[in-house]
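Read through the structure below, which is laid out as structure tokens, and then see the notes.
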Amino acid sequence: MNWIEALILGLIQGLTEFLPVSSSGHLELGKQLLGVETTENLYFTVLVHGATVLSTLVVFRQDIANLIIGLFRFKWNDETRYISKIAVSMIPIAIVGLFFKDQVEAVFDAPNILLIVGLMLLVTASLLAFAYYKKSGNRDISYRDAFIIGIAQTVAVMPGISRSGATIATGLLLGNKRSEMARFSFLMVLVPILGENFLSVLSSLKETPAGDPSLQGLGFGVLLIGFVAAFLAGLFACKWMINIVKKGKLIYFAIYCAIVAAIAITGSLL
């Protein structure tokens, strides 16, 4: 991977992690177009995901600080209730991560991956369209809602289903407030992403002999460019997505996903 490819893939990761268009699906499309096998570059993948986590921390730094302060008051309050709802939302993805990780990874190695991405993008487009036409709700997120939104996040492990799109659309379809859904969607993913990256690095270190050249396959400059690109793109996309959800403009992303889906499906059949 050279620096131009790192820049492009970093931008794709940063933008699509927050915009409801599926980062995994777009990364698969980017790999196909660039001829880059990013699964062999674990540290690059971990790094750009870490960059998007960092951009989330920056955007929601005040919210996170308030949650931490509330947690250490050691009593049941609004902050601990919110944290407990995030914990409930993580139960489905934890189950899949612990017991079905190999099956999920097998999907990404499937020979018809482009067709899968295209079909799943159609699912994303449908969810966004339904959420757009749903009358805006005024409910606060309940524990039941948090669990269902967590199931939506789990389904989004499929390449082509947007995590932010699936969770935000599900929350809106349940009747939750638009102003709350983007915030909850972005905060609920922090621990799963960090946990997944940590486990991936541990697994790689165990399976790869010390001194293996694959560990040094990417130069510092390439890694830095990918990280900075993903961080800045993520910062922009995160703030933009919050405004999009508040204004209820998800239909444009539904149209975009449908167009990209048609291109991916057509490409898989050629």
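In the set (1) touching a residue at least 12 places away in the same chain (Cβ under 8 Å); (2) on the phi > 0 side of the Ramachandran plot; (3) not small (G, A, S), F74 fails one condition alone, (1).
V117 passes every criterion in (1) of a type in the set (A, V, I, L, M, F, W, C); (2) modelled with pLDDT under 90; (3) surrounded by fewer than 19 Cβ atoms within 10 Å (Cβ to Cβ) apart from (3). Only a single item in (1) in contact (Cβ under 8 Å) with a residue 12 or more places away in the chain; (2) surrounded by fewer than 17 Cβ atoms within 10 Å (Cβ to Cβ); (3) closer than 17 Å to L187 by Cβ; (4) β-branched (V, I, T) is not met by T80, and it is number (1). Yes or no: segment 60-69 includes at least one residue that is assigned to a loop (DSSP other than H, G, I, E, B), surrounded by 13 or more Cβ atoms within 10 Å (Cβ to Cβ) and either basic (K, R) or touching a residue at least 60 places away in the same chain (Cβ under 8 Å) (or both). Yes, because at least one residue in segment 60-69 is assigned to a loop (DSSP other than H, G, I, E, B), surrounded by 13 or more Cβ atoms within 10 Å (Cβ to Cβ) and either basic (K, R) or touching a residue at least 60 places away in the same chain (Cβ under 8 Å) (or both).
Among the residues of segment 245-270, how many are part of a helix (DSSP H, G or I), closer than 20 Å to G175 by Cβ and in contact (Cβ under 8 Å) with a residue 12 or more places away in the chain? Spell out how you get there, then give the answer.
Step one: list which residues in segment 245-270 are part of a helix (DSSP H, G or I), which gives 245-247, 251-269.
In the following step, the residues that additionally are closer than 20 Å to G175 by Cβ were identified as 245-247, 251, 254.
Those left that are additionally in contact (Cβ under 8 Å) with a residue 12 or more places away in the chain: 245-246, 251, 254.
Adding up the residues that qualify gives 4.
Beta carbons closer than 6 Å, at least 6 apart along the sequence or on distinct chains, never pair a first residue in segment 30-50 that is farther than 17 Å from V117 by Cα and among the basic types (K, R) with a second that is modelled with pLDDT under 70 and surrounded by fewer than 16 Cβ atoms within 10 Å (Cβ to Cβ). No other residue among I161, I168 is under 15 Å from the mean Cα position of the chain (by Cα), crowded, with 17+ Cβ neighbours inside 10 Å and within 25 Å of K31 (Cβ to Cβ) apart from I161. Residue count for segment 174-224 under the criterion of being surrounded by 12 or more Cβ atoms within 10 Å (Cβ to Cβ), assigned to a loop (DSSP other than H, G, I, E, B) and modelled with pLDDT under 75: the result is 4.
The values are calculated or read from the model by the stated rules, or taken from the named source; none is laboratory data. None of these values were measured; they are calculated from a predicted model. Counting neighbours? That spans all protein chains shown, and the Cβs are built from the backbone with ideal geometry, glycine included.
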